[in-house]
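Peer 1: Submitted below is the structure of interest, expressed as structure tokens.
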Amino acid sequence: MVTEIIERIKKIMVDLRDKQYCPDLEEIEDYVQNSVFHTFCEEIKDTYKCNEMIEFSACSMEPGWNVKFKKAGRSLCTIYPRELYFTVMVVVGRKEKEVVEELLPQCTSELQTIYHATKEGNGQRWLMIDLEDEGGLYKDVMNLIQIRRHS
């Protein structure tokens, strides 16, 4: 029992900025400490028949380990783990823009705000969406990923 507790504490204490140690998905899930993270990852894997890729980003804006999902060589989304929530980045490119903008009025006000506040560069918007629960914003993200996959 004590050994299990110590192992769990070690997993929670994973340093996501330590390039020398690549955490597995379970360790990242323990770090996030929010069951929605597990639900989200499983839904992406089940829906798109793909697996996660855990990669280290040296980007100065978001350094550390993140989780990427790709299908047919195309990025579906990237997850940035946080304590108690996670951020999902979905790219809305030229191919998706028209469909997303048609859908936008039916989306949550939070997603609309994020979309309009995100500057477009090279025909793309890199939406950074914080998820804490399976509410409307969660559904919006799943819709964006579906549009991205099928465009």
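Peer 1: Measure of size requested: the Rg and Dmax of the range 55-138, with Cα atoms as the atom set and Å as the unit; please supply both.
Peer 2: Every Cα atom of the range 55-138 included, Rg and Dmax give 13.3, 36 Å.
Peer 1: Which of K45/K95; K19/K97; K49/K119; K19/K139; K19/K70 have a Cα-Cα distance over 27 Å?
Peer 2: With Cα atoms farther than 27 Å apart: K19/K97; K49/K119; K19/K139.
Peer 1: Report, to the nearest whole %, how much of the accessible area of the range 46-114 belongs to carbon and sulfur atoms, 1.4 Å probe, protein only.
Peer 2: Its accessible area is 50 percent carbon and sulfur atoms.
Peer 1: E120 label point, 7 Å along Cα→Cβ, cut-off 19 Å on backbone N: hits in the range 65-99?
Peer 2: 90-99
Peer 1: Hey, what's the range 61-151 come to in accessible area per residue, 1.4 Å probe, Å²?
Peer 2: 53
Peer 1: While we're here: What size of dipole, in debye to the nearest 20, comes out for the chain about its Cα centre when the only charges are +1 on Lys and Arg C-beta atoms and -1 on Asp and Glu C-beta atoms?
Peer 2: 800
Peer 1: Here's a follow-up. Give me the three principal axis extents of the range 95-151 from the C-alpha atoms, as integers in angstrom, largest value leading.
Peer 2: The principal-axis extents, from largest down, are 31, 24, 18 Å.
The values are calculated or read from the model by the stated rules, or taken from the named source; none is laboratory data. Every value quoted in this text rests on a predicted model; they were computed, and no experiment measured them. Cβ: placed from backbone, ideal geometry, glycine included. Neighbour counts: every protein chain shown. In case anyone asks, the SASA skips ligands and DNA or RNA and just uses the protein heavy atoms, side chains included. Shrake-Rupley method; radii C 1.70, N 1.55, O 1.52, S 1.80 Å.
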